[in-house]
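Peer 1: Okay, here's the structure, questions in a sec.
Any read-out appearing in this document is the output of simple, stated calculations on the displayed coordinates, not a laboratory observation. All values reported here derive from a predicted model rather than from experimental measurement. Reconstructed Cβ throughout: ideal geometry from the backbone, glycine too, with neighbour counts over all protein chains shown.
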Amino acid sequence: MPEKERDYRNREITWSEIDKQKNRSRHVSEDPKPFGKNKEKAEWLRKMALKEANKHFQGKQGTPAHEKAVDTLQKNLGNKKFQSLAKQYLDEYGLPKHWGTQFLFLDYEDPEVVIELMEAMAASYPERSLREQQAFLSRLRTLKTLAEDGEVRDRADEILDSLP
């Protein structure tokens, strides 16, 4: 018999090798793959798919151009440009669906649009955060006292009375 084979068969197992064999399951590989990266990637993919689905259901209001238009409206709130920018927005995207954007349009000059948005916001009022509810109530009080149009004042008063 060659020397190599004899040495291999007569070799003794060290204590560290015995410990490694005791602590290890024979059904699992020695180097388990770290699942943290795969889990993070799956979460990221889920978020991206959800974001794309939301954009699909939002239509034009889910596009980057819409976000830019809303930013422009926010920057020009209270300026002379606001009314013309708001008109362009309504022509392009229709009535806003997002609460914050609806809130911006409570300053719009067309009473029909303002009343429609006040009613839509009042319908979703219970689902809003306390801060959003308080801001809406404050805005309704302002419209009740300072709105130029009588219909807007009356509707703001009715909505204020109906909300808890």
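Peer 1: Condition first: closer than 28 Å to LYS81 by Cα and exposed (fewer than 14 other Cβ atoms within 10 Å of the Cβ). Now tell me which residues in region 138-164 satisfy that. Step through it out loud before you land on a result.
Peer 2: Of region 138-164, the ones closer than 28 Å to LYS81 by Cα are 138-156.
Within region 138-164, SER138, ARG141, THR142, THR145, LEU146, GLU148, GLY150, GLU151, ASP154 meet the criteria.
Peer 1: Taking the condition of being of a type in the set (Ser, Thr, Tyr) and under 22 Å from ASN76 (Cβ atoms), how many residues in region 105-164 meet it? Lay out the reasoning, then the answer.
Peer 2: Let us first name the residues in region 105-164 that are of a type in the set (Ser, Thr, Tyr), namely 108, 124-125, 129, 138, 142, 145, 162.
Remaining after also requiring under 22 Å from ASN76 (Cβ atoms): 108, 138, 142.
Qualifying residue count for the region: 3.
Peer 1: In addition: Keeping to region 81-103, report how many residues are closer than 23 Å to GLU127 by Cα and either of a type in the set (Lys, Arg) or in contact (Cβ under 8 Å) with a residue 40 or more places away in the chain (or both).
Peer 2: Number satisfying all stated conditions: 1.
Peer 1: Determine, yes or no, whether ASP71 is more than 26 Å from LYS51 (Cβ to Cβ) and either in contact with an Asp or Glu (Cβ under 8 Å, 6 or more places away or on another chain) or surrounded by fewer than 17 Cβ atoms within 10 Å (Cβ to Cβ) (or both). Steps first, answer last, please.
Peer 2: Details: more than 26 Å from LYS51 (Cβ to Cβ): no; either in contact with an Asp or Glu (Cβ under 8 Å, 6 or more places away or on another chain) or surrounded by fewer than 17 Cβ atoms within 10 Å (Cβ to Cβ) (or both): yes.
For ASP71, the condition - more than 26 Å from LYS51 (Cβ to Cβ) and either in contact with an Asp or Glu (Cβ under 8 Å, 6 or more places away or on another chain) or surrounded by fewer than 17 Cβ atoms within 10 Å (Cβ to Cβ) (or both) - is not met.
Peer 1: While we're looking at this one, here's another question. Can you list residue pairs whose Cβ atoms sit under 8 Å apart, with the first residue in region 107-127 being under 15 Å from LEU137 (Cα atoms) and the second being assigned to a helix (DSSP H, G or I) and among the basic types (Lys, Arg)? Count only pairs 6 or more apart in sequence or on different chains.
Peer 2: ILE115/ARG155; MET118/ARG155; GLU119/ARG155
Peer 1: Hey, another quick one. Determine whether LEU140 is part of a helix (DSSP H, G or I), touching a helix residue (DSSP H, G or I) at 6+ places or on another chain (Cβ under 8 Å) and not polar (S, T, N, Q).
Peer 2: On the way: part of a helix (DSSP H, G or I): yes; touching a helix residue (DSSP H, G or I) at 6+ places or on another chain (Cβ under 8 Å): yes; not polar (S, T, N, Q): yes.
In short, yes.
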